Amino acid sequence: MILLNPSRTIQQQTNIDFDLLSQLLTTVLEKNHKRKINIVARVYKSKITGASFCCYEDGYNFLIELDTSKRNPRYLFSSILHELRHCIQKNLFNYSLDTDNMKTWRAYWFSREEIDARKMERLTTQVLKSYNSMVEIGNLFTKLNLNTVG
């Protein structure tokens, strides 16, 4: 299961339902990887404007520092997917980005791990559409008062 635990600041600035997003990503990624994925990621605001980061902590625990300078949902979801792919690289494939040994920006940009993480961003449109559909269904469910009989 993928658990994205946002800080209060991230929750307020992004207005994303991280429980819903966690469920959606768990379903999509476990189905397509054909195995269980265990990732617990704390999502905090990045201190560097224009850059998001993923740090491995221990076991299944990660820290995602999310850039919120652009409040555009597409940008936020794309950044989350990119950083989540780094979590998957470490969690499933025991492969981690070693930026300390990269001497140039070019070496970083064309590294295997970054190319792979950028490919994950291609899911942004469909994930965003699915997320918005699930939010709409939840709103309609509440509006129709389907949580009770009557």
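If I ask for residues that are loosely packed, with under 10 Cβ neighbours inside 10 Å and among the hydroxyl-bearing types (Ser, Thr, Tyr), which ones from region 115-150 would you list? Scanning region 115-150 gives a single hit, Thr148. The conditions of being touching a residue at least 40 places away in the same chain (Cβ under 8 Å), closer than 15 Å to Tyr131 by Cβ and in contact with a helix residue (DSSP H, G or I) (Cβ under 8 Å, 6 or more places away or on another chain) are met by Pro73.
Residue count for region 75-95 satisfying the condition of being in contact with a strand residue (DSSP E or B) (Cβ under 6 Å, 6 or more places away or on another chain) and either acidic (Asp, Glu) or loosely packed, with under 14 Cβ neighbours inside 10 Å (or both): 1. In region 46-60, the count of residues that are closer than 17 Å to Leu4 by Cβ, surrounded by fewer than 16 Cβ atoms within 10 Å (Cβ to Cβ) and of a type in the set (D, E, K, R) is one or more.
Kindly evaluate Arg112 against the criterion of being out of contact with any Gly (no Cβ under 9 Å at 6 or more places or on another chain), modelled with pLDDT of 95 or more and at negative phi. When the stated conditions are applied, Arg112 does not pass them. How many residues are in contact with a Lys or Arg (Cβ under 7 Å, 6 or more places away or on another chain) and under 15 Å from Asn15 (Cα atoms) if we restrict to region 36-80? Of the residues in that region, 2 qualify.
The values are calculated or read from the model by the stated rules, or taken from the named source; none is laboratory data. This structure is a prediction, so every number in the text was calculated from the model and none was measured. Here the Cβ is made from the backbone with ideal geometry for all residues, glycine too, and neighbour counts use every protein chain on show.
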